[in-house]
1. Residue by residue through region 245-266, note down the ones that are under 28 Å from the mean Cα position of the chain (by Cα) and surrounded by fewer than 20 Cβ atoms within 10 Å (Cβ to Cβ).
2. Output the number of residues of region 106-159 satisfying the condition of being more than 23 Å from residue 83 (Cβ to Cβ), in a loop (DSSP other than H, G, I, E, B) and touching a helix residue (DSSP H, G or I) at 6+ places or on another chain (Cβ under 7 Å).
3. Which residue, of 273, 269, is assigned by TED's automatic domain parsing to the domain that holds residue 237, under 14 Å from residue 232 (Cβ atoms) and surrounded by 14 or more Cβ atoms within 10 Å (Cβ to Cβ)?
4. Residue under question is residue 101, and the condition is that it be in a helix (DSSP H, G or I), at pLDDT below 75 and surrounded by fewer than 22 Cβ atoms within 10 Å (Cβ to Cβ); does it hold?
5. I'm told residue 103 meets every condition in (1) within 15 Å of residue 194 (Cβ to Cβ); (2) touching a helix residue (DSSP H, G or I) at 6+ places or on another chain (Cβ under 7 Å) except one. Can you identify the failing condition by its number?
6. Going through 90, 82, 36, 51 one at a time, which residue ends up being buried (at least 24 other Cβ atoms within 10 Å of the Cβ), in contact with a helix residue (DSSP H, G or I) (Cβ under 8 Å, 6 or more places away or on another chain), under 20 Å from residue 195 (Cα atoms) and at pLDDT 75 or above?
7. Hey, does region 63-76 have a residue that's assigned to a helix (DSSP H, G or I) and surrounded by 20 or more Cβ atoms within 10 Å (Cβ to Cβ)?
């Protein structure tokens, strides 16, 4: 994958946009003295740092699998989005601190009209960059691009709220300037919400959360399409690492079926799943349906084709001396 045809080019756009908007926001704060615009500039600094982290993570995530990382490097994206979440929360805390200081020590604001115009220009740059990155995130199935794009959009909406508030202050008496730190605190709370959301999604990725329900349903439908509606399977486990999906399960077939016939079925199932789910690696373990030892789903975990997997429970109790083990746990 060339640089121009990869998600890395969009992370580079994010960095360039962050440099431009940071310069604009610092200039707006410099001419107005508004703590609200200072908070906007602080988020611009976070945007720049996050863009650099995103590009670094994508460079790692796009490396091919190797001997030390046989499942690839896709989880690097979760570290990036998690670090971005921490940075966002840190910036929000700094904004609150600055706002409290302004409450305690009020200061007059100047050139608010110019400050508002500059903030609008910075928001326009972020908006066009974020919408472009969201389209790319969907195309490349990249949580890093999605996180960076949503962060930029958060900046756009908080900046829009800031512009509305400062526009009021342009025509308001000096006693109304207390709105400036109030606006800053409201922006900080919104930024914290975004940061917590990114941390949660990163944690889910690192903890190997199963694929969404609609994708799991597509997998089970592919199995039944090629084996029949009465298909028997268990240990269906799914996870995602960056943009790469992993699917594995045990398929139970008649013991008299030849190796060639069972192989042809698994090949057809794999092809069907990969057509529905891009960048998917499927592993299927074939077992004879008549053998009790084949029913070890309670030990493996995952999804079973039966609501009550009697064979799995029987086999598991034999191995544990009659004490059943909760499915999915060792």
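1. Across region 245-266, the qualifying residues are 246, 248.
2. 5
3. Values: 273 fails: under 14 Å from residue 232 (Cβ atoms).
Of the residues listed, the single one that is assigned by TED's automatic domain parsing to the domain that holds residue 237, under 14 Å from residue 232 (Cβ atoms) and surrounded by 14 or more Cβ atoms within 10 Å (Cβ to Cβ) is 269.
4. Values: in a helix (DSSP H, G or I): yes; at pLDDT below 75: yes; surrounded by fewer than 22 Cβ atoms within 10 Å (Cβ to Cβ): yes.
For residue 101, the condition - in a helix (DSSP H, G or I), at pLDDT below 75 and surrounded by fewer than 22 Cβ atoms within 10 Å (Cβ to Cβ) - is met.
5. (1)
6. 51
7. Filtering region 63-76 for residues assigned to a helix (DSSP H, G or I) gives 76.
Right, trim to surrounded by 20 or more Cβ atoms within 10 Å (Cβ to Cβ) and you get 76.
Yes, the conditions are met somewhere in region 63-76.
The values are calculated or read from the model by the stated rules, or taken from the named source; none is laboratory data. Small disclaimer: the values here were computed from a predicted structure and weren't measured. Note that we place each Cβ from the backbone using ideal geometry, even for glycine, and neighbour counts take in every protein chain shown.
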